[in-house]
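A short worksheet on the structure shown next.
Read-outs: derived from the displayed coordinates by stated rules, not from any lab. All figures in this text were calculated on a predicted structure; none of them were measured in a lab. Every residue, glycine as well, gets a Cβ built from its backbone with ideal geometry; the counts of neighbours run over all protein chains shown.
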Amino acid sequence: MNEFVLGTGYQRNLADVVRIGETHLRRVEGVPRKVTMRSSALDFIAERNDFEAPWSAFHLRFRSDSPLAKDLKQAASELGDACELSEKDAFTFVDCPRRGAAGNGSVEAALGTLSAAVRLPEIWRVSGGNYRVDPISIELLFQAMVQYKASDVHLSPGTCPVFRIDNDTRSSELIGPLSAMQIRDLIRDIASDQYWKEFEESRQTSFNFHQVGLGYARVSAFIKSGAPHCTLRFLPEIIPSFDELHIPPDTMIKLANLHRGLLLVTGMTGSGKSTTCAALVDWINGHRNAHILTIENPIEYVHSNRKSIISQRSLGVDVDNFNEAVRGALRHDPDVILIGEMRDPDTIRAAISAAATGHLVISTLHANSASEVVNRIVSFFDPVERDLVKLQLRDALQCVICQRLVPMVGGGRIPALEILFNDVKAIADGIIEGDTDHIRVGMQQTVSHSFLFEQYLHKLVKQGLITQARAQEFATDQSMFDQIQMGTYSVPRLDSVRGAH
């Protein structure tokens with residue numbers, strides 16, 4: 001049970017002090033049926049039988065020789081049968097209503113009388129008790145995510161579960177306001193001993209949980225304000241196909257048939273990068289004779305052997321870090337290596353090296369557009385290394401997919417894609433130069449298979465899948481998108497880009 005120090009300011013009634021304390025406890029731990037407030041002058045407990053009912057019993061304790069004892073005793077003695085006054089071991093106790101008696105309307109009035117007898121302290125140490133302890137049904141949460149078509153559910157003390165649906169957060173009264181104890185017990189139930197130990201020691205952990213018949217969840221548990229919080233990202237048992245994801249099958253199959261090089265799936269958090277990677281791996285698994293090695297933290301989509309052999313390794317369980325796993329992967333005879341995320345220089349070096357030595361390496365990176373990925377990768381390295389990294393990227397990089405999830409007409413979301421193929425000299429030169437504008441113009445050359453967000457969004461608008469307003473909102477360059485819509489856009493000349501620099 002956590003104790004919080006609160007400055008309540010000068011309050012005239014202990015009922016107001018309790019209200020302030022309960023409000024804080026609701027936010028950090030859940031709804032209590034018992035609030036304990038301690039100060040240097042007196043201790044105070046409020047209790048009730050129901051989570052939303054008025055407080056029905058109050059208990060005061062103060063030292064019998066304290067400066068406020070005389071006035072409190074005098075006020076309590078004048079309350080008659082409403083409260084019971086007693087003394088023990090140098091302390092005086094005031095219980096309202098009398099112990100063994102039923103609460104009644106006179107309790108609140110009695111509290112007002114006692115409060116008026118003294119000046120109340122302004123600083124209190126607050127703790128709660130008698131929170132909800134009934135178990136949270138993880139199956140019910142999964143069923144709700146499936147029914148609501150939610151990507152995530154957030155569990156926080158003091159609130160009902162909050163589901164993310166089409167990127168909007170929506171509270172559901174499927175389960176009442178949760179307590180910290182309920183959330184902590186849920187984490188303990190669904191985490192293996194190893195991840196529970198990590199949670200206790202590091203105050204955060206991330207792992208995969210399988211609800212048989214409904215799906216998987218990537219669970220992220222952490223401590224905030226001393227209380228546990230938990231987020232579950234829903235992952236279906238059956239990996240969606242390219243068609244089901246509304247991404248162009250021809251292009252994705254072309255990428256899945258690559259036998260070497262670096263393939264990056266990028267975008268901001270929650271843009272569907274992991275799902276696209278899983279769909280690529282699933283297609284390879286079903287159509288190629290290969291050994292696919294995945295390195296994830298944690299394992300998200302679970303694959304089983306089909307035409308390929310699948311080896312999925314989880315950080316913290318099977319290997320300590322991405323860099324060590326990627327370097328070790330080259331000894332495991334892989335054809336395809338999936339790296340969950342390129343997040344540090346050592347992992348990036350290992351990934352580029354694996355791609356350059358005849359393996360197809362698929363990974364993810366946080367980036368807002370395909371053209372800025374090169375500089376995003378290079379920024380991980382010291383300045384003395386950057387020219388070498390750009391040279392290695394020019395030779396190893398095959399393709400960058402960047403995606404944004406756009407709200408569809410009629411509900412749901414659809415990926416808008418930007419794809420950079422390293423297939424023309426202009427793009428290769430832009431990579432060497434680290435010139436985002438040069439890369440972006442190179443992507444628009446007719447000999448390249450690349451395309452920009454603006455072109456893809458224009459296509460989605462023409463198909464009636466998204467509105468023009470949404471397309472403008474998600475375009476990198478709104479002016480360019482408007483020109484494409486009007487048919488007045490012309491691709492800049494490469495020499496004009498060079499001239500600008």
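Once phi is turned into ³J(HN,Hα) by the Karplus curve 6.51 cos²θ - 1.76 cosθ + 1.60 with θ = phi - 60°, what whole-Hz value does each residue of the range 139-144 show in order, with x for glycine and proline?
After applying 6.51 cos²θ - 1.76 cosθ + 1.60, I find 5, 5, 5, 5, 4, 5 Hz.
Using amide H atoms built in the peptide plane, which far-off residues or other-chain residues are under 5 Å from H359 H to H?
Hits under the 5 Å cutoff: G261.
Whole-Hz Karplus ³J(HN,Hα) for the range 175-181, in order, using 6.51 cos²θ - 1.76 cosθ + 1.60 and θ = phi - 60°, x for Gly and Pro?
Result, rounded to whole Hz: 10, x, x, 8, 10, 4, 5.
Scan around E341 for amide H atoms under 5 Å from its own, H built in the peptide plane at 1.01 Å from N, and keep only partners 5 or more places away or cross-chain.
T364
Taking θ as phi - 60°, what are the ³J(HN,Hα) couplings along the range 214-220 by the Karplus curve (6.51, -1.76, 1.60), each to the nearest whole Hz, with x for Gly and Pro?
Those phi angles translate into 10, x, 10, 9, 8, 9, 10 Hz.
With a ≥ b ≥ c taken as the square roots of the eigenvalues of the C-alpha gyration tensor of the range 4-129, please select rounded if a/c is under 1.5 and otherwise prolate if a/b is larger than b/c or oblate if it is not?
oblate
Strictly under 4.7 angstrom between C-beta atoms: which cysteines of the chain have no such partner?
C160, C230, C277, C399, C402
Treating cross-link reach as a plain straight distance, find the aspartates and glutamates whose alpha-carbon is under 18 Å from the alpha-carbon of K34, omitting any fewer than eight places away in the same chain.
E3, D16, E22, D43, E47, D50, E52, D95, E108, D134
Return one number: the angle in degrees, 0 to 90 and rounded to the nearest 10, between the long axis of the Cα atoms of helix 453-462 and the longest principal axis of the Cα atoms of the chain.
Long axis of 453-462 versus the principal axis of the chain: about 80 degrees.
Greater than 32 Å separation of Cα atoms is the criterion. Which listed pairs, K254/K459; K307/K390; K149/K462, meet it?
Table pairs above 32 Å Cα-Cα are K307/K390.
Between I253 and A53, take the C-beta separation as r, use R0 = 45 Å, and let me know the FRET efficiency to the nearest 0.05.
After rounding, the FRET efficiency stands at 0.15.
Just in the range 1-90: which GluC sites (Glu not before Pro) are loop by DSSP and have at most 15 other Cβ atoms within 10 Å?
E3, E52, E78
Pop the C-beta distance of R188 and D333 into the FRET formula with R0 = 45 Å and round what comes out to the nearest 0.05.
FRET efficiency, R188 to D333: 0.70.
Once you put a point 7 Å from the Cα of E108 and another 7 Å from the Cα of T159, both along the Cβ direction, what distance in nm separates them?
Result: 2.9 nm between the two label points.
How many percent of DSSP beta bridges within the chain run antiparallel, rounded to 5?
Antiparallel: roughly 70 percent of the beta bridges in the chain.
Taking the alpha-carbon set of the chain, what are its Rg and Dmax in Å?
Here Rg and the maximum Cα pair distance are 30.7, 96 Å.
Tell me whether the range 138-235 comes out rounded, prolate or oblate; compute the Cα gyration tensor, take square roots of the eigenvalues as a ≥ b ≥ c, and use a/c under 1.5 as the rounded threshold.
oblate
Under the rule a/c < 1.5 gives rounded, and otherwise a/b versus b/c splits prolate from oblate, where does the range 59-177 land using the Cα gyration tensor?
It comes out prolate by the Cα gyration axes.
Quick one: which residues, 5 or more positions from L397 or on another chain, have an amide H under 5 Å from its amide H? H modelled 1.01 Å from N in the peptide plane, none for Pro or chain starts.
L262
Taking the chain as the reference, fit the longest principal axis to its C-alpha atoms, fit the long axis of helix 106-116 to the helix C-alpha atoms, and give the angle between the two in degrees, 0 to 90, nearest 10.
For 106-116 against the chain, the angle is about 90 degrees.
By counting other Cβ atoms within 10 Å of each Cβ, how are F322, F93 ranked from fewest to most? Don't skip to the answer; put the middle values down first.
On the way: F322 24, F93 18.
Going from least to most buried by this count: F93, F322.
What is the order of M342, M252, M486, fewest Cβ neighbours within 10 Å to most?
Numbers: M342 25, M252 21, M486 8.
Ranked by crowding around the Cβ, least crowded first: M486, M252, M342.
Run the quick spin-label model on S66 and F91: label points 7 Å from Cα toward the beta carbon, then report their separation in nm to one decimal.
Going by the 7 Å Cα→Cβ label model, 1.0 nm.
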